[in-house]
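The values are calculated or read from the model by the stated rules, or taken from the named source; none is laboratory data. Quantities reported herein were computed from a predicted structural model and do not represent experimental measurements. Note that each Cβ is placed from the backbone with ideal geometry, even for glycine, and that neighbours are counted across all protein chains shown.
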Amino acid sequence: MSLAGAGFKLTVFCILLVSLAAQAKTIITKQSFNQLNDGTPVEIYTLRSGKIEARITTYGGIIVSLRVPDRKGNTDDVVLGYDSLSQYVANSPFFGAIIGRYGNRIAHGSFTLDGKTYSVPKNNGENSLHGGTRGFDKVVWKAKPLKDGIELTYVSKDGAVLTFGMEESLLDYLRFRKVPLVFVDVGPPLPGVSNIRIDYQYGIRQAVQHVAALKHTRVAFITGPLHLKSAVARRDAFKASMREIQLDASPEMIIEGDHTMEGGIKALRDLNALRNRPTAILCSNDMTAIGVMRQAYEYGIVIPQDLSLVGFDDIRLAQFMTPPLTTVRMSQTGLAQLAFKALLKEVEQKKPAPDGSQYALTTSLVLRNSTAIAPAGNAHSKSSARRAAKR
């Protein structure tokens with residue numbers, strides 16, 4: 001994901017084509033839309049499929065027009081816009097444009113963070129609106145035609161990138177442009193790069209000790225895709241936490257998932273096929289845990305009486321599950337605040353640290369209602385078998 005717009009990428013597809021154009025082929029054409037006063041050329045792309053036509057300019061990523069048929073088959077333009085580039089430059093109603101770096105108003109053109117006040121350009125009376133005097137709606141984006149649409153890319157030079165991974169070519173390009181970068185877990189030790197290290201161990205250790213205190217000894221872990229460094233770190237934190245309290249983390253109890261609900265469903269099927277099934281499962285993210293809940297329902301396994309379950313992330317949906325999901329919280333608000341502080345420090349310091357800057361974010365266990373005392377003996381297997389037989 002991106003912070004403050006650096007490396008911002010938008011892909012525009014003819015989304016309406018599926019229902020209205022019955023899989024009609026998308027035809028993409030390009031022509032000049034004049035140029036800015038500094039000589040920068042601006043293009044306009046036309047996407048056609050059946051009776052639908054969209055025109056998108058590289059200036060501000062603006063949707064200039066969108067012609068669609070009504071119920072009688074008559075086509076008309078359904079968006080507001082101008083006919084020429086000069087009109088978009090001279091006026092600023094944000095018609096059909098990409099908004100950024102900030103959407104909506106910043107009152108009085110200033111904000112305070114950690115006791116320090118920052119000022120931003122005003123363009124709406126006393127306020128700053130939709131990125132100020134030169135937001136994303138007033139810059140020229142780079143366009144790349146795709147099979148069914150176009151991809152618009154713009155590098156906001158004074159911004160930063162917050163990401164769990166990045167292609168080397170883009171990293172080199174941003175560093176060449178001297179764009180401050182903020183990474184999560186994967187930042188290289190280079191000048192101008194800030195890296196936020198997530199302390200997965202702390203929260204996962206709490207989760208393991210919690211289920212162990214509930215007398216669970218057969219504890220499984222469903223990982224994320226192991227090509228992700230964060231997924232490997234969570235798996236390793238689980239294994240280390242199990243070793244600390246002399247519990248066995250056997251290979252058959254560690255199942256690779258893909259951080260989706262479907263992955264959680266498949267993982268529980270695999271775990272349920274074991275002779276010694278787990279009585280507690282920890283998941284690498286909450287979506288996986290929700291998938292486990294879904295498959296547990298199919299098997300007649302009652303959470304938490306038959307099976308205790310713990311997620312990771314603490315997404316908003318977790319607290320509304322039945323039962324509410326116990327999970328390890330990685331605060332998204334805390335992560336965003338830490339990334340912003342790192343960015344401001346990097347921008348303000350005169351000389352960047354030769355090996356970059358390091359920050360840490362701690363995780364913590366959030367107790368809800370998806371864990372309970374371990375069932376006696378092999379109650380998980382017996383009760384689920386009884387319920388399955390009744391269905």
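Some observations on this one:
One line per residue, one yes/no per condition, for (1) outside any loop (DSSP other than H, G, I, E, B); (2) assigned by TED's automatic domain parsing to the domain that holds MET253; (3) farther than 18 Å from VAL366 by Cβ; (4) touching a residue at least 60 places away in the same chain (Cβ under 8 Å):
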residue: PRO188; (1), (2), (3), (4): no, no, yes, yes
residue: SER194; (1), (2), (3), (4): yes, no, yes, yes
residue: GLN206; (1), (2), (3), (4): yes, yes, no, yes
residue: HIS210; (1), (2), (3), (4): yes, yes, no, yes
residue: THR217; (1), (2), (3), (4): no, yes, yes, yes
residue: PRO225; (1), (2), (3), (4): no, yes, yes, no
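- Among residues of region 125-143, those that are at pLDDT 90 or above and in a strand (DSSP E or B), counted: 4
- Residue satisfying all of: in region 279-302; closer than 14 Å to THR223 by Cβ and part of a loop (DSSP other than H, G, I, E, B); farthest from the chain's Cα centre (by Cα) among these: SER284
- Exactly one residue out of VAL208, VAL219 is aliphatic (A, V, I, L, M), more than 27 Å from the chain's Cα centre (by Cα), at pLDDT 95 or above and surrounded by 22 or more Cβ atoms within 10 Å (Cβ to Cβ): that is VAL219.
- Residue within region 88-104 that is charged (D, E, K, R) and either buried (at least 18 other Cβ atoms within 10 Å of the Cβ) or within 30 Å of THR26 (Cβ to Cβ) (or both) present: yes
- Of all residues in region 292-315, those that are over 17 Å from LEU214 (Cβ atoms) have Cβ atoms under 6 Å from Cβ atoms of residues that are among the charged types (D, E, K, R) and at pLDDT 95 or above, 6 or more apart or on another chain, in ASP313/ASP286; ASP314/ARG329; ILE315/ASP286.
- Scanning region 131-143 for residues that are without any contact (Cβ under 8 Å) to a residue 24 or more places away in the chain and under 23 Å from the mean Cα position of the chain (by Cα) yields nothing.
- Some residue of region 253-263 being assigned to a helix (DSSP H, G or I), under 25 Å from PHE183 (Cα atoms) and in contact with a Ser or Thr (Cβ under 7 Å, 6 or more places away or on another chain): no
- Among residues of region 303-334 being assigned to a loop (DSSP other than H, G, I, E, B) and among the hydroxyl-bearing types (Ser, Thr, Tyr), the one that is farthest from ALA267 (Cα to Cα) is SER331.
- For GLY100, the criteria (1) farther than 29 Å from ASP38 by Cβ; (2) touching a residue at least 60 places away in the same chain (Cβ under 8 Å) hold in every case but one, which is (1).
- Positions within region 347-368 being in a strand (DSSP E or B) and either of a type in the set (A, V, I, L, M) or without any contact (Cβ under 8 Å) to a residue 60 or more places away in the chain (or both), in sequence order: ALA360, LEU361, LEU365, VAL366
- Among residues of region 322-338, those that are modelled with pLDDT of 95 or more and either closer than 17 Å to SER284 by Cβ or within 16 Å of the chain's Cα centre (by Cα) (or both), counted: 5
- Within region 322-349, considering residues that are more than 23 Å from ARG235 (Cβ to Cβ) and among the aliphatic types (A, V, I, L, M), the one surrounded by the most Cβ atoms within 10 Å (Cβ to Cβ): ALA342
- Number of the exception - PRO121 against (1) at pLDDT 85 or above; (2) more than 25 Å from LEU335 (Cβ to Cβ); (3) assigned to a loop (DSSP other than H, G, I, E, B): (1)
- The set of residues in region 39-88 that are over 18 Å from LYS147 (Cα atoms), small (Gly, Ala, Ser) and touching a Lys or Arg at 6+ places or on another chain (Cβ under 9 Å) comprises GLY60, SER65, GLY73, GLY81.
- Among residues of region 316-344, those that are in contact (Cβ under 8 Å) with a residue 40 or more places away in the chain and either of a type in the set (S, T, N, Q) or over 24 Å from HIS210 (Cα atoms) (or both), counted: 12
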